[in-house]
Each structure stands twice: as C-alpha cells, then as structure tokens.
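Asker: I have a structure here, written as structure tokens, and I will follow up with some questions on it.
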Amino acid sequence: MGRPATPQQTAFHIPFPRAISPDVSAVHPGSMAWLRRHGMLRSDASARRVDGWRLTELAGRFFPDARGEDLRLGADVMGFFFLFDDQFDHPGGLRAEAVAVSKRLLHLTSLPAGPAPEGAGPVVAAWADLWNRSCQGMSSAWRVRAAREWRRYFVGNLEESVAREGMSGESVEDYLRLRAMTIGTTPVYDLCERTQHFEIPDEVLHSHHVQAMRDLATEIVVLCNDVASTIKESARGETLNAVLLLERHHEAERGPAVARVQRMVEARLAAFRRLRDRTSRTCAALDLTAEQCDRVDRYVRTALMSVVRGNYDWQQRSARFSADDARPGSLPGYLDDLVGHSGVVGPPPVDGS
C-alpha cells in the first residue's frame with residue numbers, strides 16, 4: 001500500500017460497521033436554512049464553505065437511526081459546533097467578545113429550557129433553540145447530564161484558547177485531556193440518545209466501564225481528526241494537534257509522527273473492543289433487566305461506535321480538512337464574525353434576575 005496523497009486520506013482500520021441515516025439529503029436544505037435564519041451563516045461564501053464540510057452527512061453518520069426532524073436537530077447541532085468553534089480561532093488570541101458569549105451560554109445551561117434572552121445574538125439564540133429541541137421527550141436526569149456536558153464544552157473552548165498560546169512543551173497525554181473537553185463528543189453522545197429515542201440507564205452510564213469506553217472513543221476521534229487536519233493546522237501555526245506535538249517533542253518527521261498516532265488509535269480501539277466484549281458482565285453485575293441491557297447495547301453501537309466510525313468516514317470526504325479550506329494564520333479561521341455582533345453587553349444576569 002502506498003502513502004496517502006494527503007494526511008486526510010490516512011488509513012485507520014476502524015472495525016465498526018459503516019452506517020448512515022437515509023434522510024441526509026432530505027434534511028440538508030432545512031439545516032442550511034436554519035443556520036442562515038439564526039444568523040450563523042451571513043454570506044454566500046460562508047454557505048458554500050459550510051456546504052463543503054458535509055455536516056449533514058456527519059450527522060447522518062453519528063445518528064444512523066435518526067429520521068426527519070430528529071436528524072435535522074443533529075445536523076443543526078453540527079452546524080453550531082463547527083461555526084462556534086471557529087470563533088475561537090483568531091490571530092489575536094482569545095477575544096473578549098468570545099468570553100462574553102461563552103458566559104451567556106454557560107448561564108443558559110443552568111436554566112430550564114426556554115427562549116433565548118432578548119438581544120442574545122446569533123450564537124446564544126441558536127443554542128437556545130437547539131437546547132429546547134434537544135430536551136423534548138427526555139428525562140430530567142438526561143437534561144441534567146446533557147447540560148453538564150455542554151458546560152464542559154463551553155469552558156473547554158476558553159481553556160483551549162489560552163492553552164493554544166502556550167502549549168508547546170506539554171505531552172500528548174496532557175493535550176488529549178484538554179481536547180476531550182472541546183472536541184464535542186460528549187454532548188454528541190447525549191444527542192445520540194435524543195435523536196434515536198432511547199436513554200442509557202444512569203447506573204451503567206456512570207460506571208467506570210462505560211466511562212472508560214466513552215473516554216477511549218473520544219480520544220480516537222481526536223487523534224483521527226488531528227491526522228486529517230495536520231496540513232491545515234500546520235499552515236495556521238497551530239500548536240494543539242497530536243501530530244504536531246509529536247514532531248516537536250520527538251523531532252520526528254511527519255511520516256513517523258503520523259504512524260505513531262496510528263498506533264495510538266489502534267491501541268485505543270483494542271482497549272475499546274475488550275471493554276465492549278465485557279459489557280454484558282457489567283449489566284449482569286448491576287442486575288439490569290433485559291430491556292435495560294438492550295439500551296446499553298444500543299448506546300455502545302449507535303452512540304460510541306457510530307461516532308468513532310462516522311467521524312472517520314466523514315473526515316475523508318469533508319472539505320473541512322482540505323488545504324484549500326485553510327485560511328492564512330494572519331486571518332481569523334472564520335469568515336463571519338458571530339460573537340462580535342452578539343449584542344451581549346456586560347456579564348450574564350444572575351439567577352433570578
């Protein structure tokens with residue numbers, strides 16, 4: 001086998017079945033319209049760029065059993081994730097406007113689902129809409145943990161922006177712990193339940209067994225993503241990337257650094273499969289019913305495994321990782337400034353105000 005033409009085409013053997021919702025094409029126009037309606041897409045150039053990222057396809061791979069409006073919700077969340085994430089990619093570092101919007105989002109996660117506050121701006125209004133739709137039909141326990149994962153994600157973006165300016169000497173392991181907060185997989189795991197109409201029993205979700213599987217799945221996604229985005233992030237002078245960290249730490253050439261990341265993925269896949277094969281024992285130890293065990297199995301298959309496999313299949317096709325999509329490091333990573341027009345003035349309101 002020859003070398004891949006680009007890091008984006010690097011092969012990983014993901015031993016999970018390929019799956020995708022049949023409704024991807026049907027929901028794509030509505031999702032793009034939602035992004036425009038909420039002010040997340042402000043120009044034809046931005047729309048063309050996002051269209052090339054294939055985010056509705058990503059949702060279809062993450063949520064293979066989702067249909068119709070459920071898949072639309074998943075696609076809208078993908079659009080939010082990527083466009084919001086890019087707001088932190090600024091040559092001047094972490095912007096005060098991004099901090100203000102993040103604080104407003106953090107405040108909303110502590111409140112019951114409801115309409116966005118007046119003058120919230122596009123990012124906050126879009127997330128409030130997503131949160132309202134996400135909570136429909138879900139238990140109070142799910143809402144509590146889903147809100148917690150969103151909080152970790154919002155805080156993680158701020159921490160990553162600070163780390164981006166100084167993380168050059170840290171190990172890959174330190175980097176992975178930080179990136180696990182910002183890659184967005186944990187809110188996606190929760191959304192896998194919402195869009196596919198089931199909930200994993202709380203007692204097994206919080207077990208060390210399932211938490212370890214979630215951590216492994218997240219690290220696999222991070223590492224595969226980092227290989228695919230190597231050229232793009234290197235061109236922007238990015239420091240938070242496993243391949244680029246290995247190059248600096250070990251004075252490795254690009255090829256050996258990528259090969260090491262491939263081995264890291266293989267080791268995590270092997271560990272994941274060992275845990276997966278023992279899941280029935282954990283269910284038995286917790287005295288779960290047959291119906292509860294079925295939900296655990298579904299979580300493993302259509303949340304953890306579908307996200308790992310779906311991410312890999314998508315990243316090989318998405319223009320998100322192409323050199324053509326990259327912007328010079330002297331420019332912001334985004335085309336549309338979504339937080340500079342946020343309308344947020346001052347700190348978020350205190351509870352009860």
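Computed from the coordinates by the stated procedures, all read-outs in this text should not be read as laboratory data. The model shown is predicted, which means the values in this text are computed figures rather than measured ones. Cβ: placed from backbone, ideal geometry, glycine included. Neighbour counts: every protein chain shown.
Asker: Simple spin-label model, 7 Å along Cα-to-Cβ: D297 to R273 in nm?
Answerer: Placing both labels 7 Å beyond Cα along the Cβ direction yields 2.0 nm.
Asker: Output the relative contact order of the chain, whole-number percent, from Cα pairs under 8 angstrom with separation of 6+ residues.
Answerer: 31 percent
Asker: Suppose the chain between D325 and E251 were pulled fully straight at 0.36 nm per residue; how much longer would it get relative to their current alpha carbon spacing? It would help to have the intermediate numbers written out before the result.
Answerer: Numbers: separation 74, 0.36 × 74 = 26.64 nm, distance 2.75 nm.
23.9 nm is the gain from fully extending D325 to E251.
Asker: Let me ask you something else. Please say if the chain is rounded, prolate or oblate, where rounded means a/c under 1.5 for a ≥ b ≥ c the square roots of the C-alpha gyration tensor eigenvalues, and otherwise the choice is prolate for a/b larger than b/c and oblate otherwise?
Answerer: Working: a/c = 1.43, a/b = 1.02, b/c = 1.40.
It comes out rounded by the Cα gyration axes.
Asker: Could I ask something else about it? Using unit Cβ charges (K, R positive; D, E negative) and no other charged atoms, how large, in debye to the nearest 20, is the dipole of the chain about its Cα centre? Kindly include the intermediate steps, with their values, before the conclusion.
Answerer: Numbers: 44 positive and 46 negative charges, 107 e Å.
Value, rounded to 20: 520 debye.
Asker: Which of rounded, prolate or oblate describes region 212-353 when judged by the alpha-carbon gyration tensor and an a/c cut-off of 1.5?
Answerer: On the way: a/c = 2.47, a/b = 1.28, b/c = 1.93.
Cα axes put region 212-353 in the oblate bin.
Asker: Given the DSSP H assignment, sum -39500 (n - 2.57) over each helix run of at least 4 residues in the chain and divide by its residue total; what's the result at 222 nm in deg cm²/dmol, nearest 500?
Answerer: Values: 17 runs with 218 residues, N = 353.
One gets -19500 deg cm²/dmol as the mean residue ellipticity at 222 nm.
Asker: Which distance in nm do the two modelled labels at H107 and A47 give, with both placed 7 Å along the Cα-to-Cβ direction?
Answerer: In this crude label model, H107 to A47 measures out at 3.3 nm.
Asker: Using a/c under 1.5 as the rounded threshold, could you call region 114-253 rounded, prolate or oblate? The axes a ≥ b ≥ c are square roots of the C-alpha gyration tensor eigenvalues, and prolate needs a/b larger than b/c, oblate otherwise.
Answerer: On the way: a/c = 2.63, a/b = 1.56, b/c = 1.69.
It is oblate, given that a/c is not under 1.5 and a/b is not larger than b/c.
Asker: Rg/Rh for region 44-171: what does it come to with C-alpha atoms and Rh from Kirkwood? Mind showing how you got there, number by number?
Answerer: Values: Rg = 15.8 Å, Rh = 16.1 Å.
Taking Rh as the inverse mean 1/r over Cα pairs, Rg/Rh reads 0.98.
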